[in-house]
Amino acid sequence: MPLPDTMFCAQQIHIPPELPDILKQFTKAAIRTQPADVLQWSAGYFSALSSGDPLPVKDRIEMPVATQKTDLADLEQKWGKLCLPVEKFRALLQLDPCEHEIEWIKFLALGCSMLGGSLSTAMKHLCEILTTDPEGGPARIPFETFAYVYRYLSRLDPEISVAETEVYLSSLKDSVESRKNGMIGLSDFFVLRRKM
């Protein structure tokens, strides 16, 4: 005759009060680190945690660098898998219609433009996304990248002339090259307007 299953009551089960915080930190670390083998990484994480060693965690998530054009059908499929509204995807592409492929940086720029509402805010979002600086840092990116995206987005705005764009970029380039090793950050171009 098999033994009956052991039953426990709430008073017998003790959950340490720090467990939820430990699991929360573990989850954040796993998301940032994106380990190839989650099981092996988890074992190393908790082993390091219990022995007081440095944790095998990245400071921030590293996105794969895309250098080529992306097929719009693949992009739309990934958009759908993220449960984002397809209408927004199509509206985003209507800002600069293209045939079958789009450069990833242009797609990102269009998304920042749609999110920001103004060219300055779009460039702020772009710098915050592309920077390799720590969270809360100056959000610097190479000036060449900034200039490429700024020219692209300003070309889509009928109120901004090519001459205005070039004068603006030239003034930024002079200050950036002399002081910042070719990197441009938010403080170089973005002025936050405060309500009085």
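The values are calculated or read from the model by the stated rules, or taken from the named source; none is laboratory data. What you see is a predicted model; the values in this text were computed from it and never measured. Cβ atoms come from the backbone with ideal geometry, glycine included; neighbour counts cover every protein chain shown.
Quick one: in region 117-144, which of the residues that are exposed (fewer than 12 other Cβ atoms within 10 Å of the Cβ), over 15 Å from the mean Cα position of the chain (by Cα) and among the small types (G, A, S) is modelled with the lowest pLDDT? Let's see the steps before the verdict.
Within region 117-144, the first condition is being exposed (fewer than 12 other Cβ atoms within 10 Å of the Cβ), and the residues that meet it are 117-118, 132, 134-136, 144.
Checking the rest, the ones that are also over 15 Å from the mean Cα position of the chain (by Cα) come to 117-118, 144.
Next, only the ones that are among the small types (G, A, S) stay: 117-118.
Numbers: G117: 80, S118: 84.
My answer is G117.
Out of region 152-190, which residues are within 17 Å of E128 (Cα to Cα) and of a type in the set (S, T, Y)?
S187
Which residues, counting only those in region 19-37, are surrounded by 12 or more Cβ atoms within 10 Å (Cβ to Cβ) and assigned to a helix (DSSP H, G or I)?
As a first pass, look at region 19-37 and keep what is surrounded by 12 or more Cβ atoms within 10 Å (Cβ to Cβ): 22, 25-26, 29-30, 32-35.
Listed by number, the residues that qualify are I22, Q25, F26, A29, A30, R32, T33.
For every residue, the table says whether it meets (1) in a helix (DSSP H, G or I); (2) modelled with pLDDT of 85 or more; (3) surrounded by fewer than 10 Cβ atoms within 10 Å (Cβ to Cβ).
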residue: L3; (1), (2), (3): no, no, yes
residue: C9; (1), (2), (3): no, no, yes
residue: P17; (1), (2), (3): no, yes, yes
residue: L39; (1), (2), (3): yes, yes, yes
residue: E62; (1), (2), (3): no, no, no
residue: A66; (1), (2), (3): no, no, no
residue: K88; (1), (2), (3): yes, yes, no
residue: K106; (1), (2), (3): yes, yes, no
residue: L110; (1), (2), (3): yes, yes, no
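Every residue in region 93-106 that is within 18 Å of the chain's Cα centre (by Cα) and over 16 Å from R151 (Cβ atoms), please. Give the derivation first.
Here is the first cut: in region 93-106, the ones within 18 Å of the chain's Cα centre (by Cα) are 103-106.
W104 - this is the single residue of region 93-106 that is within 18 Å of the chain's Cα centre (by Cα) and over 16 Å from R151 (Cβ atoms).
Restricted to region 147-173, and to residues that are within 24 Å of the chain's Cα centre (by Cα) and touching a residue at least 40 places away in the same chain (Cβ under 8 Å), which residue is nearest to D96 (Cα to Cα)?
Keep residues of region 147-173 that are within 24 Å of the chain's Cα centre (by Cα), which gives 147-154, 156.
Now drop any that are not touching a residue at least 40 places away in the same chain (Cβ under 8 Å), which leaves 148-149, 152-153, 156.
Details: Y148: 15, V149: 13, Y152: 10, L153: 10, L156: 7 Å.
Checked region 147-173; the qualifying residue nearest to D96 (Cα to Cα) is L156.
Could you count how many residues in region 114-150 are closer than 25 Å to R90 by Cβ and in a loop (DSSP other than H, G, I, E, B)?
2
Just to be sure, is S175 among the polar types (S, T, N, Q) and at pLDDT below 85?
Working: among the polar types (S, T, N, Q): yes; at pLDDT below 85: yes.
For S175, the condition - among the polar types (S, T, N, Q) and at pLDDT below 85 - is met.
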